[in-house]
1. Here are Gly98, Gly136: which of them is farther than 19 Å from Val59 by Cα, modelled with pLDDT of 95 or more and surrounded by fewer than 16 Cβ atoms within 10 Å (Cβ to Cβ)?
2. Looking only at region 69-106, count every residue that is assigned to a helix (DSSP H, G or I) and over 17 Å from the mean Cα position of the chain (by Cα) and tell me the total.
3. I need a count of the residues in region 147-159 that are open to solvent by less than 70 Å² (accessible area, probe 1.4 Å) and modelled with pLDDT of 70 or more.
4. Please return the ranges of helices (runs of 4 or more DSSP H) entirely within region 1-62 where 1 or more residues are open to solvent by 20 Å² or more (accessible area, probe 1.4 Å), among the hydrophobic types (A, V, I, L, M, F, W, C) and closer than 22 Å to Gly129 by Cβ.
Amino acid sequence: MTKFLLTVHVLAAVITIGPVTVAASMFPATARRGLSEPGNAATLAEARTLHRICRVYAVIAVAVPVFGLATADSLHVLSSPWLLTSIALTAAAAAVLGILVLPRQSTTLTVLDGAVDPQVAATARRTVGRLSMHTGLFNLLWATVTVLMIVRPGSTTGA
């Protein structure tokens, strides 16, 4: 059963978190392009698609910690410091995505959708700058969790 849980956990991580990190990383550049070319329907459609990918896959990604906790329980490592650190970092990544990244993407889409006066465009550019920073933080948190999962203390891989 442990191998099954671990397999589903890893597959869920690759299939759900990977697209979110890529789409979230692509969004700021697309938004900047949209702000510099107001009314470009293709850029707006691209930004909407990237935001939709982030939203949908973020919800499905709940499977990652669910199967991760089930795997940890079956391995009897729930109290291990590396796992507790990973859980905290996963919660932080989820918070960054849910509180900082997705709302700023929504705000940016609202600006891209309507007529933009110069002051709103300037504010939107600052929002996109912060969005880039928050997306980088989200990606860094997930990279750290991935490293902890691969090179964890007491690993059976000998690493």
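1. Numbers: Gly98 fails: farther than 19 Å from Val59 by Cα.
Within the list Gly98, Gly136, the selection yields Gly136.
2. As a first pass, look at region 69-106 and keep what is assigned to a helix (DSSP H, G or I): 69-75, 81-106.
Subset that is over 17 Å from the mean Cα position of the chain (by Cα): 69-75, 81-85.
So the count comes out to 12.
3. 3
4. Details: elements: 2-12, 18-36, 41-60.
The qualifying helices (runs of 4 or more DSSP H) are 18-36, 41-60.
The values are calculated or read from the model by the stated rules, or taken from the named source; none is laboratory data. Note that the structure is predicted; figures quoted are calculated from it, not measured. So basically every Cβ, Gly included, is an ideal-geometry build from the backbone, and we count neighbours across all protein chains shown. Just so you know, the surface numbers come from the protein's heavy atoms only, side chains and all, with ligands and any DNA or RNA stripped out. Shrake-Rupley method; radii C 1.70, N 1.55, O 1.52, S 1.80 Å.
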